[in-house]
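Colleague: Questions regarding the structure given below will be posed in turn.
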Amino acid sequence: MAKSNIYRFCTGPWNWSAGQDPYGPPTRTEISFDRKLAELKKIGFEAMMFHDDDAVPDIDGKSGAQVLKEAKELKKRLDGEGITAEMVAPRLWFHPNTVDGGYTSNDPKNRQYAIDRSRRSIDIANVLGTDLLVLWLAREGTYIRESKSGRRSVDLLVAALDAMLGHDKKIRLSIEPKPNEPMDVAYVPTIGHALAVAQLTRDPKRVGCLIESAHAILAGLDPADEIDFAMAFGKLWSLHLNDQNGLKFDQDKPFGSSNLRVAFNQVRALERNGYGQKGEYVCFDVHPFRTTQPEQWSAHLSNSRDTFLRLLEKSRSYPEKQAERLIADRNYQDLDQLVIEHLLGGK
Ligand code: GLO
Ligand code: MG
């Protein structure tokens, strides 16, 4: 197996989920944060992503000073274990104040809540030693089109991003687009939208993006193209690799589970753009299947990493010269078969 020297792996505490779905309760007992940290180390991942309330549970009921105190305790803990905090993300989709969205809610008090909570997340990121705030704009969209004005929502989003950029001179905002779910239609569905919104802010160079494979597929796009596009702008600051079988509910399957060729092309895109060379992590936003047994708590993560490394080997041994000749002749028929044979491992 190819030894990866630049790719470092990461995941979030929510990725040890307990099997719940909209139609049924958990199928495994929740595990503690300590156990998750131990699992992370056991599988050789080097970093963890944090929602603000993963870092400081029950964040809304705590004073600013208490939040900082608990964040400091966590930082100490992580340092002791040799684990980096990759990012912090305000979880703006659980609280009653966010039922109608955060930054684009129709209630001004709720919009203020979203901005205040985002500022808190930035303070936590500072304590945890990361300059990356991830914004999955979960409920920034509509259930019915007439409920919000799209134009006003763009203005509100930009105002919220400006408030965050103004709160801290060093923070970088990484927008994670997703076209739908939980909303019917989201305001920032693709990387193109995220990078366009970035340009309207007070400091566009501190607003970039995060690509999740499943989200790109849900938008009907090829995640490899989204990677190339973001990296052409130097703006791919984080990554949620996973897989998704077509246009249905968000599946967060192990990387390569549905379509190995699409996964291969993502790895090739990362390779050609030098992803990871500025310290970016490869994060897996994957979940165990509902039927997974507790002994296999981390298999979806280590399997995703192993598949990534196998595809990295395939990417590095890809017959480039042969492919170039076929491309020059526009012989895509043979090129197609060359890719298939390469992925199948030759005859
Ligand atoms: C859901 C998202 C979610 C985010 C995470 C970080 O579809 O992918 O898992 O990545 O909450 O903000
Ligand atoms: Mg994600």
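Values quoted throughout were computed directly from the atomic coordinates according to the rules given, and no laboratory measurement underlies them. None of these values were measured; they are calculated from a predicted model. When we count neighbours, we look across all protein chains shown, and the Cβ atoms used for this are built from the backbone with ideal geometry, even at glycine.
Colleague: Quick one: of the DSSP bridges fully inside segment 9-316, what percent are antiparallel, nearest 5?
Modeller: Working: 4 of 29 bridges.
Roughly 15 percent of the beta bridges in segment 9-316 run antiparallel, per DSSP.
Colleague: Relative to the Cα centre, what is the charge dipole magnitude of the chain, using +1 at the beta carbon of each Lys and Arg, -1 at the beta carbon of each Asp and Glu, and rounding to the nearest 20 debye?
Modeller: Details: 47 positive and 49 negative charges, 125 e Å.
About 600 debye.
Colleague: A follow-up question, please. Any chance you could give the angle, 0 to 90 degrees and rounded to 10, that helix 299-316 forms with the longest Cα principal axis of the chain?
Modeller: Around 50 degrees separate the two axes.
Colleague: Could you list the residues of segment 245-267 with an amide nitrogen less than 15 Å from a label point located 7 Å from the Cα of Phe289 in the Cα-to-C-beta direction?
Modeller: Backbone N within reach: 245, 251-259.
Colleague: Taking the Cβ of Asn15 as the centre, find all other residues whose Cβ is under 9 Å away and add up their charges (Lys, Arg: +1; Asp, Glu: -1).
Modeller: -1
Colleague: Then there's this: As I understand it, the dipole of segment 9-316 uses +1 on the Cβ of Lys and Arg and -1 on the Cβ of Asp and Glu, about the Cα centre. Which of Leu128, Thr11, Gly279 lies farthest toward its positive end?
Modeller: Of Leu128, Thr11, Gly279, it is Gly279.
Colleague: Which of Ala55, Ala159, Ala194 moves most in a GNM of the chain, Cα contacts under 10 Å?
Modeller: Its mean-square fluctuation being the largest, the pick is Ala159.
Colleague: Quick one: which residues, 5 or more positions from Gly141 or on another chain, have an amide H under 5 Å from its amide H? H modelled 1.01 Å from N in the peptide plane, none for Pro or chain starts.
Modeller: Sorted by chain and number, the residues that satisfy this are Tyr187.
Colleague: To continue, here is another question. Any idea what angle helix 150-167 forms with the longest principal axis of the chain, computed on alpha-carbon atoms, 0 to 90 degrees, nearest 10?
Modeller: The two axes meet at around 80 degrees.
Colleague: Where the only charges are on Cβ atoms (+1 Lys, Arg; -1 Asp, Glu), what is the dipole of segment 3-74 about its Cα centre, to the nearest 20 debye? Intermediate results must be reported in sequence, preceding the final value.
Modeller: Numbers: 10 positive and 12 negative charges, 97 e Å.
Charge dipole, segment 3-74, about its Cα centre: 460 debye, nearest 20.
Colleague: For a distance above 31 Å, tell me the whole-number percent of Cα pairs in segment 9-316 that qualify. List each step's numbers first, then the result.
Modeller: Details: 12129 of 47278 pairs.
Beyond 31 Å sits 26 percent of the P(r) for segment 9-316.
Colleague: Right, here's the next one. From the backbone phi of segment 79-96, what are the Karplus-calculated ³J(HN,Hα) couplings (6.51 cos²θ - 1.76 cosθ + 1.60, θ = phi - 60°) in whole Hz, Gly and Pro given as x?
Modeller: Ordered by residue, 3J(HN,Hα) equals 4, x, 8, x, 10, 8, 8, 6, 7, 10, 10, x, 8, 9, 9, 9, 5, x Hz.
Colleague: Taking only Cα atoms and a 10 Å spring cutoff, compute GNM fluctuations for the chain and point out the largest among Asp100, Asp334, Asp116.
Modeller: Comparing Asp100, Asp334, Asp116 in the GNM, the peak value goes to Asp334.
Colleague: Hey, what angle do you get for helix 108-128 against the long axis of the chain, alpha-carbon based, 0 to 90 degrees rounded to 10?
Modeller: With rounding to tens, the tilt is 60 degrees.
Colleague: Counting other C-beta atoms within 10 Å, which of Thr190, Thr84 has the fewest, and how do the rest follow?
Modeller: Numbers: Thr190 21, Thr84 16.
Fewest-to-most Cβ neighbours within 10 Å comes out as Thr84, Thr190.
Colleague: Got a sec? Charge dipole of the chain, +1 on Cβ for Lys and Arg, -1 for Asp and Glu; which of Cys209, Ile144, Gln296 is way out at the positive end?
Modeller: Cys209
Colleague: Dipole magnitude of segment 108-225 about its Cα centre, charges +1 at Lys/Arg Cβ and -1 at Asp/Glu Cβ only, in debye to the nearest 20? Don't skip to the end; give the middle numbers.
Modeller: Values: 17 positive and 15 negative charges, 109 e Å.
Charge dipole, segment 108-225, about its Cα centre: 520 debye, nearest 20.
Colleague: Roughly speaking, what is the stretch gain from Asn180 to Glu320, that is 0.36 nm per residue apart minus the C-alpha to C-alpha distance, in nm to one decimal?
Modeller: Details: separation 140, 0.36 × 140 = 50.40 nm, distance 3.72 nm.
Difference between extended and current length: 46.7 nm.
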